[in-house]
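Comments concern the structure below.
Rule-based calculations on the coordinates, nothing more; no lab input. Please read all numbers here as calculations on a predicted model, not as lab measurements. Please note: Cβ atoms are built from the backbone with ideal geometry, for glycine as well, and neighbour counts cover all protein chains shown.
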Amino acid sequence: MKKYFLLLGGLAFIMSCAPSLVDYATVSVPEEGSLSLVQYTKEEERVVGPNVIRNKETGVLNWYAPAMLAVSPDDTKVAYLGKSNDFNNMYLKNIKGGRSTIQRTHNRDILDMSYSPDGKYIAFSERKTDGTLMNIYSINATEGVAVRQLVATSASELSPSYSKDGGQIYFVKSEGSRYYIWSLDVESSLETQYTEGFTPSLNPNGEDLIITRNSRDGARGEIWTINLKKGTETLILNDPKKGFSSPQISPDGKKVICVGTSLKDKTKPQNLDLYTVNIDGTNLTQLTFHGGNDVSPVWSTDGSSIFFISQRGNKKGEFNVWKMEFKN
């Protein structure tokens, strides 16, 4: 039985996954109204999404929170993970025109990724063959096979995210069951530690990090903003019954898209959906309601669309890459 490293809106577990009984074949449900959806991949492309596991004792969902999807700055390509030779490799899908696909890495076990702002490189975290550590690397987005190791310590590093100017890469370093935000100066390789949390996303203003942090009881993820200049920390999203993770700030700096749990009701079991909230924590809005899991949301460069990975639209609940239009 293969094992996976997971985050529970925060906590680390080594567990295996069993699928839920859901009508995955539907593309959308009535609660999603006139949501405009486009599917970019098919089941044969074996898109990799996170294992989503329900803790039998607490009922809390566990999932891998960092972005398993990235969109090029010119909005012409989407990078995703596909299963190949029992490894998670990176693929680039052209989303303009013919939708051709290129396998960018081979025989690597990649977990998450992020495009550089100039579109030339993709930073990613990779799991070592023994499954004990993860380190951060980069590869040219379009040519060559050379892979550069950016961060390598005795801890695990994951979830890289570039600053707007490309000079810094924010990432997560794990210490046991706790996670801390660090940055790497791309030119000097200087590393700086900031605060506890994971899944960093930098506001376009260059001052605020949007992160996930565990609730005090460790059972749910919360969304926080961290002002890098002032050192202030502000809780913008939490709920006593729901967990949130994977925040991504919109290009205009006004909205946050994130993953959140939806509670069980008469039509579906507890699962993961997409939510938006204003940067000040107001106007929480649920965007998706499908019984399958919707995860890894990322904004298009102009903020008019949201790309994500979803189990919808096929009988087996396989993950695929989707896009929805976003109307503010």
Original post:
For segment 78-136 and segment 202-223, what is the separation of their C-alpha centers, rounded to whole Å?
Top reply: 25 Å
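What number, in percent, do you get for the relative contact order of segment 120-219 if the mean sequence gap of Cα pairs under 8 Å and at least 6 apart is divided by its residue count? Before the final figure, lay out each step's value.
On the way: 214 pairs, mean separation 16.7, N = 100.
Rounded, it is 17 percent for segment 120-219.
Rank-order 207-213, 268-274 by packing density, defined as the average count of other C-beta atoms within 10 Å over each peptide's residues, highest first. Walk me through the numbers before you get to the answer.
Details: 207-213: 23.6, 268-274: 20.6.
Highest mean packing first, the order is 207-213, 268-274.
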**OP:** Beyond 21 Å between alpha-carbons counts as too far, so tell me which of 268/316; 77/164; 83/173; 164/255; 83/315 fall in that bin.
**Re:** 83/173
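Which GluC sites (Glu not before Pro) does segment 133-194 hold that lie in a coil by DSSP with at most 16 other beta carbons within 10 Å? If you can, show how the numbers build up before the last one.
On the way: sites: 143, 157, 175, 187, 191; in loops: 143, 187.
Passing sites in segment 133-194 are 143, 187.
Can you give the local net charge around residue 171? Use residues other than it whose beta-carbon is closer than 11 angstrom to its beta-carbon, Lys and Arg +1, Asp and Glu -1.
Values: positive: 173; negative: 112, 157, 191.
Result for the neighbourhood of residue 171: -2.
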**OP:** Would you mind calculating the relative contact order of the chain from Cα pairs under 8 angstrom and at least 6 residues apart, reporting the percent as a whole number?
**Re:** 17 percent
Original post:
How big is the Cα convex hull of the chain in projection, averaged over all directions, in nm²?
Top reply: 15.9 nm²
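Let me check against my output: what whole-number percent is the relative contact order of segment 160-285, with C-alpha pairs under 8 Å and at least 6 apart?
14 percent
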Original post:
Taking residue 323 as the anchor, which aspartates and glutamates have their alpha carbon closer than 15 Å to its alpha carbon, excluding any fewer than eight residues away along the same chain?
Top reply: 32, 75, 273, 294, 302
